[in-house]
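Quick notes on the structure that follows.
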């Protein structure tokens, strides 16, 4: 063997040795980097757990409910009474509730009574269900994929609220104020039952059911003579509804369900890609890289970014929108500035500002109704409405809730024999009780949320 060949072999072995050292150094560096990221991630998770925020999907699953206490069983029986009721009379029901144009409700009254008669057995079951203390529909299990859970009962519950609202309106028109209020109370209890799931959609469905009920209740207040005791009891029922607490639970459930996706990328990369993978080839390749072994450090950085933004969002959600709005704008800017490797965060991070607006809008609708009931109680005692809301503070035992969008009293003014209440709304500006124009296309809407009570 020549000296040249010997030198060539030595060089090759030297290069291989250097390569092995480099690979080993890179492997050690990779391991140390991943270990550092995992430690940081665990520290962030521990900080959230210390604040009582669930960090695992299993922690937000509602506990089981014994059958004898479970309203869901009776609700499901009511839904099964008429499998096709979601399409039966839907157009008549919608037009009857809206009464648009005015006079439509009177023309449709006979047809609406027929629809209610056909659904009376189902509504009786709904009333029995609403009296149950707890509710849990069988949509959960310990191994559930939160992306696959279907809340089929929500559409039927909303339909029930519409039927109960129509029932309240017909009873009120007949002079049966007590029966109309009973229908409204049933619907309000159903709204609470709809909101047992720790998801934002459950909160929004519950708010929609409440809104349908308040629309009917407004008509009952206008047409009937509610005595002060009835007004107080109904206001107390509304005040006992912990909308803020339910909203907090919903956001925490949304946070945990999205955190589950990061865990799924580790446990089952193929399933993760199937869940979130886009159709575009380049984007799909990026998701596959993120879910693979080489993407592990980027995935950990992504999850750390998600935890940081979520912690800010959950903290902002504790405040009314009028105080948190600047923080949400800053949060949106941080989301836009995220590095490109934060794929999961960019895909799943919630629209928290709009959720906070929806919460305060629901609070405003509920609390405006409580103020209206206080005004009705005042009218029942003095046979007139006060010139200003301050007069209600002198009325023993009544609380005067504030407009969540202004942090002040609701706007109030007399109008004829009735009155007008208004909230500033999400533009956070007092427009003097001018409602948002019907075809207004901007955001936030320029105008107030207005409730007009006529007599």
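In this structure, residue 24 does not satisfy being modelled with pLDDT under 85, assigned to a helix (DSSP H, G or I) and closer than 20 Å to residue 314 by Cα. Each residue in the range 171-190 was checked for being modelled with pLDDT under 95 and farther than 19 Å from residue 230 by Cβ, and 0 pass.
The residues on offer are 138, 133, and the sole one that is touching a residue at least 24 places away in the same chain (Cβ under 8 Å), within 30 Å of residue 260 (Cα to Cα) and surrounded by fewer than 23 Cβ atoms within 10 Å (Cβ to Cβ) is 138.
Summed over the range 332-343, the residues that are exposed (fewer than 12 other Cβ atoms within 10 Å of the Cβ) and outside any loop (DSSP other than H, G, I, E, B) give a count of 2.
Yes or no, residue by residue, for (1) in a helix (DSSP H, G or I); (2) surrounded by 24 or more Cβ atoms within 10 Å (Cβ to Cβ):
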{"site": "175", "(1), (2)": "no, no"}
{"site": "181", "(1), (2)": "yes, no"}
{"site": "192", "(1), (2)": "yes, no"}
{"site": "203", "(1), (2)": "yes, yes"}
{"site": "211", "(1), (2)": "yes, no"}
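Scan the range 310-331 for residues that are surrounded by 15 or more Cβ atoms within 10 Å (Cβ to Cβ) and part of a helix (DSSP H, G or I) and the total you get is 13. If the condition is being at pLDDT below 90 and more than 17 Å from residue 140 (Cβ to Cβ), then the range 63-86 contributes 80, 81, 82, 83, 84, 85, 86.
Residue-wise test of (1) touching a helix residue (DSSP H, G or I) at 6+ places or on another chain (Cβ under 8 Å); (2) modelled with pLDDT of 90 or more; (3) outside any strand (DSSP E or B); (4) over 27 Å from residue 231 (Cα atoms).
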| site | (1), (2), (3), (4) |
| --- | --- |
| 387 | no, yes, yes, no |
| 392 | yes, no, yes, no |
| 395 | yes, no, yes, no |
| 400 | yes, no, yes, no |
| 412 | yes, yes, no, no |
| 428 | yes, yes, yes, yes |
| 440 | no, no, yes, yes |
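Among the residues in the range 365-384, are any closer than 26 Å to residue 181 by Cα, out of contact with any helix residue (DSSP H, G or I) (no Cβ under 6 Å at 6 or more places or on another chain), free of Cβ contacts under 8 Å to residues at least 40 places away in the same chain and not in a helix (DSSP H, G or I)? So far as the range 365-384 goes, yes, one or more of its residues are closer than 26 Å to residue 181 by Cα, out of contact with any helix residue (DSSP H, G or I) (no Cβ under 6 Å at 6 or more places or on another chain), free of Cβ contacts under 8 Å to residues at least 40 places away in the same chain and not in a helix (DSSP H, G or I).
The values are calculated or read from the model by the stated rules, or taken from the named source; none is laboratory data. Note that this is a predicted model, so its numbers are computed, not measured. In this analysis, Cβ positions are derived from the backbone assuming ideal geometry, glycine residues included, and neighbour counts consider all displayed protein chains.
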